[in-house]
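K.L.:
One structure follows; several queries about it will come next.
The values are calculated or read from the model by the stated rules, or taken from the named source; none is laboratory data. Since the structure is predicted, the reported quantities are computational estimates derived from the model, not experimental observations. Cβ placement follows ideal geometry from the backbone for every residue including glycine, while neighbour counts extend to all protein chains displayed. Ligands, DNA and RNA are stripped out before the accessible areas are found, and what is left, the full protein with its side chains, is counted by its heavy atoms. Shrake-Rupley method; radii C 1.70, N 1.55, O 1.52, S 1.80 Å.
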2 protein chains.
Amino acid sequence: MTKIAVNLPAVPARSYEITIGRGILAAAASELADAGWARRWAVVTDANVAGLHLGTVLAALRRAGVSAESFVVPAGEAHKTLPAAADLAARLLEGAFDRTCGILALGGGVVGDFAAFVASIFMRGIPVVQMPTTLLAQVDASVGGKTGVDVPQAKNVLGTFWQPHAVFSDLALLDTLPVREWTSGCAEIVKYGVIAEPPLLDGARGLRQREPAVVADLVARSCRIKAAIVAADERDAGRRRVLNFGHTIGHAIEAESGYTILHGEAVAMGMVCAARLSHRRGHLAAVACTAVERALAEVGLATVIPPFLRADDLLQRVARDKKKAGDAVAFVLVTALGEPVIASDVTEAEIRAVLQDVTA
Amino acid sequence: MTKIAVNLPAVPARSYEITIGRGILAAAASELADAGWARRWAVVTDANVAGLHLGTVLAALRRAGVSAESFVVPAGEAHKTLPAAADLAARLLEGAFDRTCGILALGGGVVGDFAAFVASIFMRGIPVVQMPTTLLAQVDASVGGKTGVDVPQAKNVLGTFWQPHAVFSDLALLDTLPVREWTSGCAEIVKYGVIAEPPLLDGARGLRQREPAVVADLVARSCRIKAAIVAADERDAGRRRVLNFGHTIGHAIEAESGYTILHGEAVAMGMVCAARLSHRRGHLAAVACTAVERALAEVGLATVIPPFLRADDLLQRVARDKKKAGDAVAFVLVTALGEPVIASDVTEAEIRAVLQDVTA
């Protein structure tokens, strides 16, 4: 069992720990029982996760003497909306939940974002504890305190910064994860290797085989990297933007595919583009660029953009995203493995060239 | 023109100023132009206020070179909901508003709560500036950073703490305020007199007459009192609860009347109850208790509960509110004028007795 401290210098009272390990549910439950953060807990989960893990989690909580009730929400991004948040809030009120209660988010990134958002606005904010059940959520979404819901026009446009009181990542919960979800999660681990800690890339094969020691090690190291970056820039004003490596083009691919390409799969393609763009600019050595693509391939991710996605459409999406962020465009490049840099002068021609280069 | 600093020791970067005066729109606009808090402003207002003040405000902003567009939302508490927040967010996106923009809330408490809530979650938080147009909003709702929306079961159950970048209270905007709205706002001023600064009560007659010097003085002193209390307890964990003087029974009266009794009118009746309860307990001298009721009468507020409201129903609502706040019941009493105290042992029998005493 590994514990990682997330220190938030701006508001030390909101610092917290991430606990990572296999079979840590009992330990998590007794920590909740002892901490006294809330009198009662609402375990928010979706219909899919409920069938797999809800019984086990509730049993662990009960054994530790934690008062908990479950609230199952419909699965999927389509239900990560403000009206759905209003529904959950109404159900919490009917269940007599109040400001002395907390929310335990049990699920992947969508459940985590949504449940933490509701926690952040219910009675103007109640504690939330994250219990991520996907690899992606364990290494990314559950860490950092970003919450969000979607509007029809775009994802995560509404949200808050609301740090959890704790994150419990039980690696045993990942055993039920389908291959494609697993592989998608690996993309973010490769990302940490590229932007912060190149040796992570050596674990790619073991990650694909789900070797327990490799998984435990890489999940912990990924969380440590994200925690350090978040600590330096909680509200995403500067340094934290390096976490978007591969995401500018990745988001465009994900959206343009109608979300048939998973987040991690799209980010992998985006990372290939960002690495090649870095190389074209003379920043990144060819061998390093190849190492990124090899690591992605080793975990089982595609490193080419499927031909049904047209460069023109992707470019248009990227341009729209840029506009959304105001005038300052943040395109993350790397000058070497582990050395990210924010470039604000990437041209449309450069992006077009690399998209054509990377498309199958 | 008076400026009052709201210092928030927890996060000094979020401290801000309240500017109060008659005809300060031009000054406010040029402050917005100079401050650089946002590239563009969305002026959010409701259909009623739009007809009265929107043109004037937009003209002032334009003269100062501030880029602003108006977003008119339906008037009334019924539209202070999460789905309405989603609608406004969608309109902001369509208007290409992004994280470099800000929201200017022009209106009463409902508009202020709602617009600030949307600002607090739009792109995970953009600046909000309050421009309150009712007396109640100028002395209460616009100060303190509480935002909120309603669910069908209860008011302000969902919300955030999101401090404005500035509050501009133009007293000239109050000239169009109907008598009943004016009188309702006076209740909160009397409250500040009772819980913090007894000399405020001497201004009651002048307040009713809307004497400009008295109004300017009392609005500023009220804001100063609230700012000091909020500074000491931004997140409502302790001291800030004294602001609820008169509100425990007041909320019950307001809700039980189906909101036909305005907030301030209900709080006035609640204050009479709380003062008499303080007197019955031997805390408050009879003369002080009378002074509270006299001040309320002088501003034009009823000091008795209308007979159509039954004590049993009010008691039930109070009990339900108590449950909502967990086990700790916060009933604010006064041991002398200006000396509030939180009592957690007020019994149902005491409340019933005082309700019967105060009902017409």
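K.L.:
Cα convex hull of the protein assembly as shown: how many Å³ per residue? Working shown, then result.
P.N.:
Working: hull volume 102.8 nm³, N = 720.
Per-residue hull volume (Cα only) is 143 Å³.
K.L.:
Do any residues of the stretch B:19-63 lose at least 10 Å² of accessible area when the full set of protein chains is present rather than just their chain alone, and if so which, with a 1.4 Å probe?
P.N.:
Those are B:R39, which lose 10 Å² or more relative to the chain on its own.
K.L.:
Modelling each spin label as a point 7 Å along the Cα-to-Cβ direction, I'd like the B:T347/A:R91 distance in nm, to one decimal.
P.N.:
It is 4.1 nm.
K.L.:
Moving on to the next point. For the stretch A:218-351, with every protein chain kept in place, what is the accessible area per residue (1.4 Å probe, Å²)?
P.N.:
On the way: 5340 Å² over 134 residues.
About 40 Å² of surface per residue is accessible.
K.L.:
Cα extents of chain A along the three principal axes, largest first, in whole Å?
P.N.:
So the three principal-axis extents are 58, 41, 38 Å.
K.L.:
Mind checking the dipole of chain A: about its Cα centre, +1 per Lys or Arg Cβ, -1 per Asp or Glu Cβ, Debye to the nearest 20?
P.N.:
420
K.L.:
Now for a different question. Please report, as a whole percent, how much of the solvent-accessible surface of chain B comes from carbon and sulfur atoms (probe radius 1.4 Å).
P.N.:
53
K.L.:
Treating the beta-carbon of each Lys and Arg as +1 and of each Asp and Glu as -1, no other charges, what is the dipole magnitude of the stretch A:1-156 about its Cα centre, to the nearest 20 debye? List each step's numbers first, then the result.
P.N.:
On the way: 13 positive and 12 negative charges, 57 e Å.
I would put it at about 280 debye.
K.L.:
A further question on this structure: Gap in Å between the Cα centre of the stretch B:102-127 and the Cα centre of the stretch B:193-243?
P.N.:
The stretch B:193-243 and the stretch B:102-127 have Cα centres spaced 24 Å from each other.
K.L.:
At B:R205, label 7 Å along Cα→Cβ: distances to the other copies, nm, ascending?
P.N.:
When each copy's label point is compared with this one, the spacings are 9.4 nm.
K.L.:
To the nearest 10 Å², what's A:E181's accessible area with a 1.4 Å probe?
P.N.:
80
K.L.:
If I take all pairs of Cα atoms in the stretch B:223-360, what percentage of them are more than 17 Å from each other?
P.N.:
58
K.L.:
May I ask for the distance between the Cα centers of the stretch A:152-184 and the stretch B:146-189, given as a whole number of Å?
P.N.:
Comparing the Cα centres of the stretch A:152-184 and the stretch B:146-189, I get a distance of 38 Å.
K.L.:
Counting Lys +1, Arg +1, Asp -1, Glu -1, what net charge surrounds A:A60 among other residues with beta carbon under 15 Å of its beta carbon?
P.N.:
Taking every other residue near A:A60 into account, the sum is -1.
K.L.:
How far, in nm to one decimal, is A:A237 from itself in the other copies if the label point is set 7 angstrom along Cα toward Cβ? Shortest first, please.
P.N.:
2.3
K.L.:
A follow-up question, please. At a probe radius of 1.4 Å, what is the per-residue accessible area of B:K226, in Å² to the nearest 10?
P.N.:
Accessible area of B:K226: about 10 Å².
K.L.:
I would also like to ask the following. With an 8 Å cut-off on Cα pairs and a minimum separation of 6 or more residues, tell me the relative contact order of chain B in percent.
P.N.:
15 percent.
K.L.:
Have a look at the stretch B:89-112 and report residues whose accessible surface goes down by 10 Å² or more when the remaining protein chains are included, against the chain on its own, probe 1.4 Å, ligands and DNA/RNA excluded.
P.N.:
B:A89, B:A90, B:L93, B:E94, B:D98, B:R99, B:T100
K.L.:
Computed on protein heavy atoms with a 1.4 Å probe, what is the summed buried accessible area for the chain pair B and A, in Å² to the nearest 100? Mind dumping the intermediate values first?
P.N.:
Details: alone 14770 and 14750 Å², together 26640 Å².
Answer for the B-A pair: about 2900 Å² buried.
K.L.:
Which ³J(HN,Hα) values in Hz, rounded to whole numbers, follow from the phi angles of the stretch B:126-131 under the Karplus curve 6.51 cos²θ - 1.76 cosθ + 1.60, where θ = phi - 60° and Gly and Pro get x?
P.N.:
Residue by residue, the stretch B:126-131 yields 10, x, 10, 10, 9, 10 Hz.
K.L.:
Something else about it: Any idea what % of Cα-Cα pairs in the stretch B:66-126 are farther than 15 Å?
P.N.:
45
K.L.:
Once you wrap a convex hull around the alpha carbon atoms of the stretch B:172-295, what is its projected area averaged over all directions, in nm²?
P.N.:
Projected over every direction and averaged, the Cα hull of the stretch B:172-295 covers 8.3 nm².
K.L.:
Output the direction-averaged projected area (hull surface divided by four) of the convex hull of the alpha-carbon atoms of the stretch A:83-221, in nm².
P.N.:
That works out to 9.2 nm², a quarter of the Cα hull's surface.
K.L.:
Here's another thing I want to ask about it. Using helices alone, I'd like the mean residue ellipticity at 222 nm for the protein assembly as shown: each DSSP H run of four-plus residues gives -39500 (n - 2.57), total over residue count, nearest 500.
P.N.:
-13500 deg cm²/dmol
K.L.:
If you take the square roots of the eigenvalues of the alpha-carbon gyration tensor of the stretch A:1-145 and sort them as a ≥ b ≥ c, do you get rounded (a/c under 1.5), prolate (a/b over b/c) or oblate?
P.N.:
rounded
K.L.:
Quick check for me: using +1 on Lys/Arg Cβ and -1 on Asp/Glu Cβ, what's the dipole size of the protein assembly as shown about its Cα centre, in debye to the nearest 20? Could the numbers behind the result be given before it?
P.N.:
On the way: 72 positive and 74 negative charges, 121 e Å.
Dipole of the protein assembly as shown, to the nearest 20 debye: 580 debye.
K.L.:
Give me the accessible area per residue for the stretch A:1-53, probe 1.4 Å, as a whole number in Å².
P.N.:
With the other protein chains kept in place, the stretch A:1-53 gives 46 Å² per residue.
K.L.:
Here's a follow-up. Once the label point is placed 7 Å from Cα along Cβ, list for A:G95 the distances to the corresponding points in the other copies, in nm, shortest first.
P.N.:
3.8
K.L.:
Would you please classify the overall shape of the stretch B:210-257 from the alpha carbon gyration tensor, given that a ≥ b ≥ c denote the square roots of the eigenvalues, rounded means a/c under 1.5, and beyond that prolate means a/b larger than b/c while oblate covers the rest? Intermediate values should be presented prior to the final figure.
P.N.:
Numbers: a/c = 4.00, a/b = 1.20, b/c = 3.33.
Oblate, since a/c reaches 1.5 and b/c is not below a/b.
K.L.:
Sort the stretch A:252-295 into rounded, prolate or oblate with this rule: let a ≥ b ≥ c be the square roots of the eigenvalues of the Cα gyration tensor; rounded if a/c is under 1.5, and if a/c is not under 1.5, prolate when a/b is larger than b/c, oblate otherwise.
P.N.:
Oblate shape, in that a/c is at least 1.5 and b/c is the bigger or equal ratio.
K.L.:
Relative contact order for the stretch A:134-284: what is it in percent, counting Cα pairs under 8 Å that are at least 6 residues apart?
P.N.:
Relative contact order, the stretch A:134-284: 22 percent.
K.L.:
So, one more: In the neighborhood of A:N156, defined by Cβ-to-Cβ distances under 11 Å, what is the net charge if each Lys or Arg adds +1 and each Asp or Glu adds -1? Don't jump to the answer; show the numbers that get you there.
P.N.:
Numbers: positive: A:K80, A:K146, A:K155, B:R124; negative: A:E77, A:D113, A:D150.
Once positives and negatives cancel, what remains is +1.
K.L.:
Related question: Along the Cα→Cβ direction, 7 angstrom out, place labels at B:E69 and B:T290. What is the inter-label distance in nm?
P.N.:
Label at B:E69, label at B:T290, 6.1 nm between them.
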